[in-house]
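What follows draws every value from the coordinates through simple rules; no lab data is involved. Model, not experiment: these values are computed from the prediction. As a convention, Cβ positions derive from the backbone with ideal geometry for all residues, glycine included, and neighbour counts pool all protein chains shown.
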Amino acid sequence: MTDSTLNGPILIVEDEWLIGDMVQTMLQEAGYDTIGPSASVADARSLIDEFSPAFVVLDINLGAEQSFAIVDLLTARGVGYVLVSGYGSADLPSAYRHCPLVEKPLTSDGLISTVRRLIGNHQRVDC
Amino acid sequence: MKEIYELLRAQMGHDFSGYKTKTFLRRVQRRKQVNQIENREDYVALLRQDPKEVAALFRDMLINVTNFFRDTEESLAVNAVPKLFEGRGADDIVRVWVPGCATGEEVYSIAILLREHMDTLRNVPGVQLFATDIDDSALNVARAARYPLALLDSVSEERRKRFFVEDGGSYVITKNVREMCIFSPHSVLRDPPFSRIDLVSCRNLLIYFGIEAQKQVIPTFRYALRPGGFLFLGTSESLSQFDDMFVPLDKRNRIFRTREGGATPILPIALPGHQSHFPQAESRRRPLPITPLRLAVETQVLDRHAPPHVVATAEGDIVYFSARTGKYFEAPAGVPNRQLLAMERKGLRLDLRSAFRESMQTGRSVTCDGVEFEDEEDRVQLLTLKFETLLGSGDERLFLITFEDHGATLSAEEAQTRPRRRETSGEVERELRDTRERLQSTIEEYETALEELKSTNEELISVNEEMQSTNEEMEASKEEMQALNDELHTVNTELNLKLEALDSANADLKNLFDVTDMATIFLDSSLIIRRFTPAATRLFKVLPSDCGRPLTDLASDLMYPELFDDLRQVLTSGESTERQIVGVKPDSHYLVRTVPYRDRRGSNTGVVVSIVDVSVLAASEAHQRTLIAELNHRVKNMLAVVLAIAFHTRRAALTLDEFYPVFEGRMAALTRSYELLSVQHWKKVLLSEIVKRELVPFGLERVAMDGDDVALCPRAALSMGMIVHELTTNAAKFGALSNEHGRLALRWTNVHERVSFEWREIGGPQIEIPATEGFGMKLIHLEADRNMRGESKIEFRPDGLVVRLTFDCLIGDTL
């Protein structure tokens with residue numbers, strides 16, 4: 001059940017492989033193509049450049065680093081994304097408080113419905 | 001001279017006309033020399049112009065040479081003083097008058113004599129010495145009772161010690177002597193005299209008086225003295241013709257005593273140039289201890305029916321005439337005298353003289369009958385003379401001489417003369433009556449004056465009493481002042497003590513300020529700095545010299561623009577405020593509390609600002625907030641991992657019964673790792689501990705461990721926990737721990753935080769290489785690979801599974 005409206009894979013950026021694998025499985029089971037999971041900013045960049053993902057699900061904390069640089073990059077490129085984090089929006093730096101966020105722990109329904117809504121919104125904005 | 005008298009009387013109120021002219025002129029002469037004036041008229045002119053000269057002349061007139069204890073006083077002490085006190089009890093008062101006392105030496109001499117005698121008595125009567133003089137300045141000297149040593153030459157050493165107190169070079173009369181003496185201005189000539197006096201001491205005053213003045217003064221003294229009183233005169237003074245009033249007690253030392261009954265205690269009228277003389281009969285008006293009626297009767301009987309009689313002294317001087325003696329006596333030519341024999345009419349003299357002598361010698365009564373004498377008309381009269389000693393006449397022998405006419409057969413010629421005579425005596429009697437009436441009125445006036453005088457005297461005494469009581473009051477006041485002074489001393493001492501207490505309290509306060517290290521500033525109601533603690537200097541640019549300046553003048557390290565609004569608010573409302581303020585320095589936080597300063601009555605008189613540095617507190621609060629957020633994050637991550645494990649476990653399981661033990665085992669492993677971490681406060685956990693915990697249920701005797709202890713960071717510890725769990729589960733299911741004799745050989749090394757770990761199973765059942773990689777193998781691979789930056793190698797050897805891992809023991813990041 002591939003979502004034909006999405007012209008590209010969904011990139012997963014998540015350093016915890018248990019969660020990354022779970023997200024990947026959830027998205028694939030929902031019919032999305034996925035790449036990743038990518039566990040670092042640098043890895044994520046190269047995947048973005050290589051595969052031009054249509055959407056990104058990304059964890060904020062990647063080991064010792066944080067993924068806001070990727071958010072900036074995606075914003076600049078007009079790529080939709082959703083942040084996944086144990087933090088609430090209020091705990092984020094003020095520049096990223098408005099960013100779409102799914103809080104951990106993830107549930108399948110929570111993640112998929114959010115991703116769907118965001119992809120829809122994003123494409124409507126594009127059109 | 002009269003003019004000078006007038007001037008003196010007009011200005012000074014004293015009439016010196018009675019003074020000896022020679023003395024007076026000598027004094028005037030002296031003043032003229034002093035003023036270098038030749039002419040008497042010029043001097044009078046000067047006196048008119050210059051009141052000071054009148055005063056100077058007055059003072060010169062009163063030159064007195066006085067001294068303590070002239071020789072004659074001792075005689076007074078022996079002869080008179082004991083008699084003064086005779087028969088006097090404690091309620092009586094001995095009264096002494098010292099007229100012309102000048103500067104008081106004589107007064108005090110007599111007072112000392114009296115005091116000496118009083119000390120020998122058991123019942124001591126009161127003694128008053130009235131000392132008078134017309135010279136106020138002399139009286140002031142006398143009142144002060146202070147004399148230079150030079151004047152005390154004749155005072156014996158004993159008396160000097162006893163009655164004088166040395167005070168700054170001069171000598172002061174002791175109080176017990178001084179209190180006996182009352183000084184007052186008084187003129188013997190002008191003012192009414194004192195009365196009921198026991199002793200008059202008037203020494204060297206009469207010598208200044210002329211005869212007329214003396215004639216006035218001596219009767220005055222006689223009047224003042226009570227019967228038996230003493231008169232004490234100066235050695236060069238005499239009673240002149242008044243010796244009938246006084247009996248000499250010690251002639252050489254001029255001590256006299258009043259003659260009893262003889263002289264008239266009648267006050268002489270003070271008129272210059274006139275000596276008063278009153279008929280003796282009037283003397284009977286003096287109060288006597290008989291009723292007036294009886295007196296009147298006796299007087300009349302004496303006058304009308306008693307034979308004419310006279311009283312004479314042993315010397316033959318007549319001291320008393322009865323009525324109707326004129327017939328027998330005649331004033332002789334020449335100087336008036338009262339010699340009995342000189343006054344006798346012719347014809348009586350011989351008989352009188354012989355009878356007198358006989359009576360004197362025998363001391364008995366002598367009667368001469370049939371004495372003839374011729375009266376004025378040369379008519380012969382027979383009479384009887386009787387001489388007898390007068391009884392009860394005291395010290396002096398007096399003689400009563402009576403004249404009794406006999407027969408008195410009158411001839412024709414006598415019959416003719418008698419009416420004429422009666423007419424004459426009627427005239428005389430009328431005249432006498434008139435005179436008596438005048439005298440009566442005069443006496444009444446005098447008595448009035450005397451009463452006034454007495455009351456004045458009493459007033460004087462009472463004034464004296466008042467002065468004494470005033471003095472006592474002043475003494476009391478002085479004592480009060482003393483007490484007050486003492487109290488003040490006490491209060492001062494207390495004040496000093498309080499001051500010391502205040503000092504130490506102040507020092508304590510200062511030390512407290514220094515120690516508290518809390519910035520505190522005390523402001524008054526105008527926000528002027530009153531006091532501050534040393535810590536305040538770190539926040540405000542304030543120096544000790546800034547006390548008295550408004551706080552608004554000072555810069556501070558606080559970012560607190562509302563400070564002054566808050567201070568005013570506190571002043572007006574009286575309610576304190578508290579604010580947390582950020583400082584200028586980074587990460588500095590202050591708690592600023594502004595509290596009203598209340599004085600002891602609770603009114604609001606200023607503001608206290610206290611500033612506490614809460615930077616540390618603020619930092620720890622921030623840290624705490626971070627920690628809570630972090631904890632939140634970790635819990636969520638953990639749950640995410642749990643969910644992910646559940647997710648993966650569910651996908652690998654075929655049934656729920658197959659899922660649950662696997663999932664439970666993984667959760668248990670996870671829990672054990674967390675337990676270890678929490679025991680170690682999330683720091684480092686030993687690799688051997690992780691392994692042992694997992695393998696304990698299977699018996700550690702089957703496990704051989706070889707390797708130095710390696711400490712793992714939390715991340716690595718958790719990953720190792722999961723990996724060892726998966727390996728143990730696998731071994732228990734398929735490998736060395738699935739039979740009875742299988743063993744495990746674990747070995748690890750640590751080289752520069754890179755750990756090499758080998759899991760080798762020995763003696764287990766034959767194993768086969770699985771067709772597909774299960775989740776357990778995937779977990780081992782990925783945990784080592786992704787989470788531990790390591791590598792994993794799994795060998796399915798026939799004799800048992802061998803797993804080799806290499807990883808970083810310190811990954812160093814958060815979970």
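Let me have the relative contact order for chain A, percent, based on Cα pairs under 8 Å that are six or more residues apart.
Relative contact order comes out at 22 percent.
Compare the peptides A:80-88, B:448-456, B:499-507, B:515-523 by average per-residue count of other Cβ atoms within 10 angstrom and give them in order, highest first.
Working: A:80-88: 21.3, B:448-456: 12.6, B:499-507: 10.1, B:515-523: 17.7.
Ranked from most to least packed, the peptides come out as A:80-88, B:515-523, B:448-456, B:499-507.
Based on Cβ point charges of +1 for Lys and Arg and -1 for Asp and Glu, what charge dipole magnitude is obtained for the protein assembly as shown about its Cα centre, in debye rounded to the nearest 20?
2120
Label points 7 Å out from Cα along the Cβ direction at residue B:507 and residue B:350: separation in nm?
12.6
Could you work out the relative contact order of the range B:715-815, using alpha carbon pairs under 8 angstrom and six or more residues apart, expressed as a whole percent?
32
Could you grab the relative contact order for chain B? Cα pairs under 8 Å, six or more apart, rounded to a whole percent.
Working: 1167 pairs, mean separation 40.3, N = 815.
Once divided by the residue count of chain B, the mean separation gives 5 percent.
By a straight-distance test (C-alpha under 22 Å), which lysines pair with residue B:510 as possible cross-link partners, with residues fewer than eight away in the same chain excluded?
Counting by Cα, and skipping residues close in sequence, residue B:510 has these lysines nearby: B:498, B:541.
Assign unit charges at the C-beta atoms only (+1 for Lys and Arg, -1 for Asp and Glu), then state the dipole size of the range A:8-127 relative to its Cα centre in Debye, rounded to the nearest 20.
500
Please work out the Kirkwood hydrodynamic radius for the range B:113-229, using every pair of different C-alpha atoms, and report it in angstroms with one decimal place.
The answer is 16.3 Å.
Would you please classify the overall shape of chain A from the alpha carbon gyration tensor, given that a ≥ b ≥ c denote the square roots of the eigenvalues, rounded means a/c under 1.5, and beyond that prolate means a/b larger than b/c while oblate covers the rest?
Cα axes put chain A in the rounded bin.
Stokes-Einstein D for the range B:16-166 at 10 °C, 1.306 mPa s, Kirkwood Rh over Cα pairs, in µm²/s?
In µm²/s, the coefficient rounds to 87.
Using all Cα-Cα distances in the range B:458-540, what percent lands in each 10 angstrom bin from 0 up to the longest?
14, 20, 17, 13, 11, 10, 8, 5, 1
Quantify how strongly other chains surround peptide B:644-656 by giving the mean number of their Cβ atoms within 10 Å of each of its Cβ atoms.
3
Let's test the formula: R0 of 25 Å, r as the Cβ-Cβ distance of residue B:369 and residue B:314. What FRET efficiency results, to the nearest 0.05?
With R0 = 25 Å, the Cβ-Cβ based efficiency is 0.55.
Need one value for A:57-69: mean number of C-beta atoms belonging to other chains within 10 Å of its residues' C-beta atoms.
Average neighbour count from other chains, rounded to a whole number: 2.
Among DSSP beta bridges lying fully in the protein assembly as shown, give the percent that are antiparallel, nearest 5.
The antiparallel fraction comes to roughly 70 percent.
Find which of B:54, B:111, B:97 sits farthest along the positive direction of the dipole of the range B:1-121, computed with +1 on the beta-carbon of Lys and Arg, -1 on that of Asp and Glu, about the Cα centre.
Farthest towards the positive end: B:54.
Extending each Cα 7 Å along its Cβ direction at residue B:750 and residue B:524, get the distance between those two points in nm, one decimal.
So the label points at residue B:750 and residue B:524 sit 7.2 nm apart.
What average number of partner chain Cβ atoms lie no more than 10 Å from the Cβ of the residues making up A:15-26?
6
What is the helix-to-structure angle for B:51-61, meaning the angle in degrees between its Cα long axis and the longest Cα principal axis of chain B, kept from 0 to 90 and rounded to the nearest 10?
The helix B:51-61 is inclined about 60 degrees to chain B.
Which listed residue (B:68, B:138, B:644) has the Cα farthest towards the positive end of the charge dipole for chain B, taking +1 on Lys and Arg C-beta and -1 on Asp and Glu C-beta about the Cα centre?
Towards the positive end, the residue furthest out is B:644.
Please report, in debye to the nearest 20, how large the charge dipole of the range B:546-618 is about its Cα centre when each Lys and Arg carries +1 at its beta carbon and each Asp and Glu carries -1 there.
Value, rounded to 20: 320 debye.
Along Cα→Cβ, 7 Å out, is where each label goes; now give me the distance between the ones at residue B:444 and residue B:652 in nm to one decimal.
16.5
Shape of chain B from its Cα gyration tensor (a ≥ b ≥ c, root eigenvalues): rounded if a/c is under 1.5, otherwise prolate when a/b > b/c, or oblate?
prolate
For residue B:478 and residue B:45, what does the FRET efficiency come to when R0 = 56 Å and r is the distance between their Cβ atoms, rounded to the nearest 0.05? Before the final figure, lay out each step's value.
Working: r = 53 Å, r/R0 = 0.94.
Efficiency for this residue pair is about 0.60.
For the range B:102-110, take each phi angle, set θ = phi - 60°, evaluate the Karplus expression 6.51 cos²θ - 1.76 cosθ + 1.60, and give the result in whole Hz per residue in order, putting x for glycine and proline.
Whole-Hz 3J(HN,Hα) from phi for the range B:102-110: 6, 8, x, 4, 5, 4, 5, 4, 5.
Any idea what angle helix B:412-516 forms with the longest principal axis of chain B, computed on alpha-carbon atoms, 0 to 90 degrees, nearest 10?
10
Determine one quarter of the surface area of the Cα convex hull of the protein assembly as shown, which equals its mean projected area, and express it in nm² to one decimal.
Taking a quarter of the hull surface, the average projection is 92.2 nm².
In degrees, nearest 10, range 0 to 90: what is the angle between the Cα axis of helix B:2-12 and the longest Cα principal axis of chain B?
30
Specify which residue in the list B:614, B:716, B:682 is farthest towards the positive end of the charge dipole of the range B:600-742, using unit charges on the beta carbon of Lys, Arg (+1) and Asp, Glu (-1), about the Cα centre.
Going by the Cα projections, it comes out as B:614.
Report, please, the projected area of the range B:574-716 averaged over directions, based on the convex hull of its C-alpha atoms, in nm².
That works out to 17.7 nm².
My understanding is that a pair violates if its Cα-Cα distance is over 29 Å; which of B:636/B:683; B:83/B:161; B:20/B:251; B:83/B:454; B:83/B:386; B:22/B:454 do that in this structure?
Among B:636/B:683; B:83/B:161; B:20/B:251; B:83/B:454; B:83/B:386; B:22/B:454, the Cα-Cα distance tops 29 Å for B:83/B:386; B:22/B:454.
At q = 0.11, 0.16, 0.18 Å⁻¹, what log₁₀ I(q)/I(0) does the range B:710-792 have when each alpha carbon counts as one equal point scatterer in the Debye sum?
Values returned for q = 0.11, 0.16, 0.18 Å⁻¹ are -0.32, -0.68, -0.84.
As a footprinting exposure proxy, order B:663, A:55 by other Cβ within 10 Å, with the fewest listed first. Intermediate results must be reported in sequence, preceding the final value.
Working: B:663 18, A:55 22.
Listing B:663, A:55 from fewest to most nearby Cβ atoms yields B:663, A:55.
Calculated FRET efficiency, residue B:569 and residue B:601, Cβ-Cβ r, R0 25 Å, to nearest 0.05?
Efficiency at R0 = 25 Å is approximately 0.65.
Compute the projected area of the convex hull of the Cα atoms of the range B:101-145, averaged over all viewing directions, and report it in nm² to one decimal place.
Quarter of the Cα hull surface area: 3.1 nm².
Order these peptides, B:193-203, B:26-36, by their mean beta-carbon neighbour count within 10 angstrom, highest first.
Numbers: B:193-203: 23.0, B:26-36: 14.3.
Top to bottom by mean Cβ count within 10 Å: B:193-203, B:26-36.
Within the range B:144-174, name every residue whose backbone N is under 17 Å away from a label modeled 7 Å from Cα of residue B:74 along the Cβ vector.
B:153-160
Cα to Cα, under 19 Å, and not fewer than 8 places away if on the same chain: which lysines meet these conditions relative to residue B:778?
B:733, B:793
Rounded to a whole number of µm²/s, how large is the Stokes-Einstein D of the range B:534-621 at 25 °C and 0.890 mPa s, given Rh as the Kirkwood radius over C-alpha pairs?
Rounded to a whole number, D works out at 176 µm²/s.
When ranked by the protection proxy of mean other Cβ atoms within 10 Å per residue, highest first, what sequence do the peptides B:43-55, B:486-498 form?
Details: B:43-55: 15.3, B:486-498: 10.2.
So the order, starting with the most tightly packed, is B:43-55, B:486-498.
Would you calculate a helix-derived [θ] at 222 nm for chain B, using -39,500 (n - 2.57) for each DSSP H run of n ≥ 4 and dividing by the full residue count, to the nearest 500?
-14500 deg cm²/dmol
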